[in-house]
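Every number here is computed from the coordinates shown, using simple stated rules; none is lab data. Quick caveat, the model's predicted, so the values are computed rather than measured. Using ideal geometry, Cβ is built from the backbone for each residue, glycine included, and neighbour counts are taken over all protein chains shown.
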Amino acid sequence: MKDGAHESLNEQLARLSRDVVPPEKLWPAIVREITRKPRRALPMALAAAAASACLATALTWVVLHGRPAATSRGPATAGIAASFEEPRDPGYLAARAALQQTFRERLALLDPGTRTQIEASLAVIRRARDDIRRALAASPESPVLEQLLESTWHDEFDLYDDVVRATQPTLART
Amino acid sequence: MGTVQIRQRAEAGDTEPEPTAVITAAVDGDLAAFEALYRQFAPRIFGLCLRLTGQREAAEDCTQESFVAAWRSLARFEKRSRFSTWLQRIAIRTVLSRRRGLRFLHEVGEPAAGLHDVPDPGSGAPPLDLERAISALPEGARHVLVLVGIYGYSHTEAASALGLAEGTCKAQLHRARNLLSAALGLEKS
């Protein structure tokens, strides 16, 4: 990435307004909500687990059967997804290497059983990425495969992050 | 680095004096005072939710949920932090909670939907291409870019607010910048 591109991007970001006026209907809806009894919170952990299971199932199905379902995407998404592979610029690679280093250090702090499970999860993610890359080589125009490839980077980052955070008990979280 | 310039702008906007008397009244259960706080802070919270979710309807829901949560948590508001900062943290948590349940749907949906009429009072021409490109970023990269690049958070603050390691935050910002520059055709400049 060139410095000039960063400068131009920063200038464009700096021109964005941070405030956007919400629709008028919001305040009456808020009043209605706060003047009635609180509802029970949704079991988000269960919802997240279900969503992850769906994603894993969809990924396995698409990779093994090679029949991506139709999906709708906007033009901006198409431009980004088409260019998505992990960035190669030195800044990104340095940040990623630092995160991986921290991950490896923290992984060593875990008990052998947990460590084995995490390493197995990482291997699954990487195998899935390799499978998706091969599928993409055969079907380079498939937006679903592009999405899935992208999601493997997301999953790998999440795994690093989960391990780093789980082994950092003093991290302040509100 | 350009981030410094953005942070200075963001921090300058956050140094306005806070309405402490109104906040105190709201903490005591005065709904009219809470409405005054809503009128003052809702545009910032809605803008934040809009950029974080990339979807107008989701942003409306998150803004509503954030103010409801704020009302219910006012008694726990510690005046050591700024009210605006506290509100933003609630909004970010609301967006993250919502996204955990809907992540798959968000990732295969049309991320730019609902952003066509985002106003841009700060300049003559609305940078819709930039808004659309931001909304189309992968979720993790978008969250970090929005907080650090637009709302002036430091990496430490953004990592804490998003529940990420700081290294993840930095890597995601690099990723977001690269993707945005590619989407906007800035790499050739």
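Observations on the model:
- For the peptides A:109-117, B:34-42, residues were scored by their other Cβ atoms within 10 Å and the scores averaged per peptide; the highest-first order is B:34-42, A:109-117.
- Peptides A:10-21, B:53-64 ranked from most to least packed by the mean count of surrounding Cβ atoms within 10 Å: B:53-64, A:10-21.
- Counting only other chain Cβ atoms within 10 Å of each residue's Cβ, the peptide A:22-31 averages 6.
- Each residue, B:Thr24 and A:Asp130, gets one label point 7 Å from its Cα in the Cβ direction; the gap between the two is 6.6 nm.
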